[in-house]
């Protein structure tokens, strides 16, 4: 999946984009999400969680303060990470990221640019750009 530029005009459209990506996941993937505040990263993760069948009793929110939140899914564990508060890449190292990068897990990292050096070489990079209150660009 490369060189795709998509436009979302709603939460529902962002969920549909996440669903298309979720359908291709086999386990072991690391997905790096980058974009400004309010550009749709957390909404994308919510759509991904729904597509991966995270139990509806879980509320998927950005783990800005806890840094990592894990959700059991139908086939995998979804690890949702948010590195917004990290001061350096070394801070990411102290989290023991390699413990989360497993074949039976999907790792989705908001603000992944803050820990780029610790990501696997084959990670999927998705960029989000806020264009207007009702328009986001999503490209990967």
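Just so you know, all these numbers are worked out from the coordinates, no wet-lab data involved. Nothing here was measured: the structure is a model prediction, and the numbers come from that model. Counting neighbours? That spans all protein chains shown, and the Cβs are built from the backbone with ideal geometry, glycine included.
Observations on the structure shown:
- Scattering profile of the chain at q = 0.15 Å⁻¹ [log10 I(q)/I(0), Debye over alpha-carbon scatterers]: -0.68
- DSSP bridge pairs, the chain: antiparallel proportion in percent, nearest 5: 50 percent
- Computed E for residue 129/residue 75 - FRET, C-beta separation, R0 30 angstrom, nearest 0.05: 0.45
- Taking each residue as 0.36 nm, the span from residue 98 to residue 19 lengthens on full extension beyond its C-alpha to C-alpha distance by 25.9 nm.
- Residues 30, 11 arranged by fewest to most Cβ contacts within 10 Å: 11, 30
- In this simple spin-label model, placing a label point 7 Å from the Cα along the Cα-to-Cβ direction at both residue 122 and residue 67 gives a separation of 2.7 nm.
- With R₀ set to 41 Å, the beta-carbon distance separating residue 59 from residue 3 gives a calculated FRET efficiency near 0.75.
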